[in-house]
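Structure record follows, encoded as structure tokens.
None of the figures in this text is laboratory data; all of them are computed from the coordinates on show. These numbers were taken from a predicted model, which means no experiment stands behind them. Methodologically, a virtual Cβ is constructed for each residue, glycine included, from the backbone with ideal geometry; neighbour enumeration extends over all protein chains shown.
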Amino acid sequence: MRIANLLVGGIETPSVLDPARGWVPLSGLSTGLSEDVAGLIATGLGEAVRDRLLTAAADASDAGIVLADAAVFTAPFRRPRMVWGIGLNYLDHARDLDAPHPTEPASFIKGDHTIIGPGEEILLPPQSLRVTAEAELGIIIGREAWEVDEADALDHIAAVVCILDQTAEDILQRNPRFLTRSKNFRTFLSLGGEVVTTDEVRSPQTGLNHLTVGTWRNGALHRENVVDDMAFDPAALVAFHSRVFPLQPGDVILTGTPGAVVVEDGDVAECRIDGVGTLVNPVRRL
């Protein structure tokens with residue numbers, strides 16, 4: 001199942017995708033469920049919730065439906081409780097930077113002030129002359145995860161989403177302790193447009209590890225890799241961090257990038273994930 005915020009007449013409209021017809025506004029459905037994306041995620045987006053939404057969407061009138069190829073997306077939500085990022089998680093990316101392979105996840109926190117959605121501008125701050133955009137798979141927690149085993153960790157993930165995570169790389173290079181500052185300028189986290197429940201992308205054999213993530217700039221591929229090349233795959237990340245603190249519904253984990261690309265004024269950055277979608281943001285220097 002796919003849910004998203006669509007811009008309809010300039011108004012953010014939470015919607016669910018009816019595969020046969022298009023995007024159906026949640027406000028027109030009598031499901032007894034939340035009418036916003038964050039609220040639905042808080043339900044866990046289990047099979048019963050998905051079935052109720054999809055049945056209601058299929059039975060809804062044609063009024064207000066937006067055709068799939070006409071949809072204009074915005075951020076699916078803007079106030080997650082926590083955004084937890086992971087650095088140097090792809091082994092190839094660590095080799096690119098001549099950095100040692102991590103023996104434990106290297107993590108950081110991003111504030112919700114960084115969040116933008118598809119089509120919104122990534123703003124390059126005057127404090128940094130070298131900003132990178134990094135395509136990533138975002139995983140969204142659907143039910144509390146506290147001291148969970150890796151074998152059960154994927155059951156705590158409700159959905160996935162495309163991510164562009166930005167870094168003021170020159171600030172970070174001055175001192176690795178500047179990581180939080182380098183990651184937390186405004187507009188340094190784009191997410192969306194579609195939130196895709198794991199039943200659409202999870203494989204019985206490989207979990208989420210078969211997904212391919214690509215960083216693109218100006219329509220050209222910079223770097224892509226398969227999730228299986230991560231040092232710590234999504235299940236390992238959830239299990240590891242659940243032993244540090246309880247992960248709650250709606251928390252987002254950024255799983256790392258296959259490659260960071262330097263972006264300049266006038267560029268267009270993209271995240272493309274097979275089976276999930278494409279996220280596009282223009283870049284502007286302040």
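Overall, the range 153-243 carries a charge dipole of about 600 debye about its Cα centre when +1 sits on the Cβ of Lys and Arg and -1 on the Cβ of Asp and Glu, all other atoms neutral.
In deg cm²/dmol and to the nearest 500, what is the mean residue ellipticity at 222 nm of the chain if only DSSP H runs of at least 4 residues count, each as -39500 (n - 2.57), divided by the residue total? The partial results should precede the final answer.
Details: 7 runs with 49 residues, N = 286.
Mean residue ellipticity at 222 nm (helix-derived): -4500 deg cm²/dmol.
Positive end of the dipole of the range 7-79 (Cβ unit charges, origin at the Cα centre): among TRP23, VAL37, THR55, the Cα lying farthest that way belongs to VAL37. For the range 2-74, a crude dipole built from +1 on the beta carbon of Lys and Arg and -1 on the beta carbon of Asp and Glu, taken about the Cα centre, is about 80 debye to the nearest 20. Calculated FRET efficiency, VAL244 to ASP170, Cβ-Cβ distance, R0 = 25 Å: about 0.25 to the nearest 0.05.
A Cα-only calculation for the chain places Rg and Dmax at 18.2, 57 Å. Where does helix 47-59 land angle-wise versus the long Cα axis of the chain, in degrees 0 to 90, nearest 10? Between the helix axis and the principal axis of the chain, the angle is about 60 degrees.
How much net charge surrounds ILE115 when only other residues with a Cβ under 9 Å from its Cβ are counted (Lys, Arg +1; Asp, Glu -1)? Mind showing how you got there, number by number?
Values: positive: ARG78, ARG79, LYS110; negative: ASP112.
Once all neighbours under 9 Å are counted, the net charge is +2.
Each Cα pair under 8 Å and six or more residues apart adds its sequence gap; the mean of these over the residue count of the chain is a relative contact order of 25 percent. In a simple Cβ point-charge model (Lys, Arg +1; Asp, Glu -1; nothing else charged), the chain has a dipole of about 880 debye relative to its Cα centre. Among LEU91, PRO14, PRO126, pick out the residue whose Cα is farthest towards the positive end of the charge dipole of the chain, where Lys and Arg carry +1 and Asp and Glu carry -1 on C-beta, about the Cα centre. Of the options given, the answer is PRO126. Within the listed set VAL263, VAL49, VAL161, the Gaussian network model of the chain (springs between alpha-carbon atoms below 10 Å) gives the highest mean-square fluctuation for VAL49. With a cap of 16 neighbouring Cβ atoms within 10 Å, and only residues DSSP puts in a loop, list the trypsin sites (Lys or Arg not before Pro) found in the range 15-75. Of the trypsin sites (Lys or Arg not before Pro), the ones in loops of the range 15-75 whose Cβ has at most 16 other Cβ atoms within 10 Å are ARG21.
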